[in-house]
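Let me give you the structure first, and then I'll get to my questions.
Computed from the coordinates by the stated procedures, all read-outs in this text should not be read as laboratory data. Nothing here was measured: the structure is a model prediction, and the numbers come from that model. Note: ideal-geometry Cβ built from the backbone for every residue, glycine included; neighbour counts use all protein chains shown.
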Amino acid sequence: MAGVSVATVSRTLANPEIVSEATRDAVRAAIAETGYTVNQAARNLRQKRVGGIVALVPNLANPFFSKILSGISSVLREERLNLLVADTMAGAEAREALIAYANRSHADGLIVLDGTLPPEIFRRSGCPPVVLACETIDGLDTASVVADNAGGARLAVEHLAGLGHRHIAHLAGPEQNSLTVDRKRGFEATMAEQGLDPRPEWMLRGDFSLASGRNAARQLLDMATRPTAIFCDNDEMACGLIGELLKNGISVPGDLSVAGFDNVDFSAHITPALTTVRQHRDALGEAAARVMLGLLDGQPATDRIVLPVELVIRDSTAPLDPGRG
């Protein structure tokens, strides 16, 4: 109907800028008259693609991941690729079933947000391209996109020290987690630069959950000598900690200044609103998706992309009362 070849129709749909305006108009008129739509399944078959990227996410109930997934989806949508999401924490049997996704017959690529997965899953023959997002996996040499976790911890400690706090505690995440490792490195380096030597009993351990924040607060309440400020490795632990402290008559920030990490949506809406390190999760997801598209197009893998973070100062931190020393 347009009076052109099949190849010209294909070029018009895929790269309209390379054909003449007259050709574009003729093809578009024929499309409108016939109601033609691209058969995406046939296109995927011709390109030897499934048409979807799988994101492996630990605990879909955690609101932290929503903006990362939104960023991934927005980029993939432009390329007519579907985003499928699998929860890696859905039980041992379900987790074993995730191995099936590490195959080109099930996914064109994997964007992995769970740093606890064993690297051998992704070394199997036939595994599609892998991009690590947010967390990294020891022993897996592949492209990754992460926030500046050490730099974020630095910003938080510098802020607390700048308010006059010399007795600063740290509520860290799970010991082997890559986020924990990087944030601990930033915390310890900045404490040393500030001439501060935290007490071992002020180095607390959690698991990124509200419950572990509440548990850390109870540990602080039992201490004979308490810190005047604390940096928490994520906002959920910081919010759990604040809630338990307030319930037991401890003022935040009057008795204890609290800083978190992530800037999840609810951090601005608790009382007091949480001072935290903002990582741009939507941008992280977008960057991970673009790296994946590059891998699918045969581009060499980028070793590691580190995205900047920033400190958001709210009401949960305040200058140290001079009388407390």
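Given an 8 Å cut-off on Cα distances and at least 6 residues of separation, report the relative contact order of the chain as a percent. It would help to have the intermediate numbers written out before the result.
Values: 596 pairs, mean separation 58.7, N = 325.
The normalised contact order for the chain reaches 18 percent.
In whole Å, what is the distance between the alpha-carbon centres of the range 228-271 and the range 154-208?
15
Taking amide H atoms as placed 1.01 Å from N in the peptide plane, list the residues 5 or more away in sequence, or in a different chain, whose amide H sits under 5 Å from that of LEU163.
For LEU163, whose amide H was placed from the backbone, there are no distant partners under 5 Å.
Does the chain come out rounded, prolate or oblate, given a ≥ b ≥ c as the square roots of the eigenvalues of its C-alpha gyration tensor, rounded meaning a/c under 1.5 and, failing that, prolate meaning a/b above b/c?
Verdict is prolate for the chain.
Is there a quick way to get the dipole size of the chain? I mean about its Cα centre, with the Cβ of Lys and Arg at +1 and of Asp and Glu at -1; what is the value in debye to the nearest 20? Please list the in-between numbers first.
Working: 31 positive and 39 negative charges, 116 e Å.
With Lys and Arg at +1 and Asp and Glu at -1, about 560 debye.
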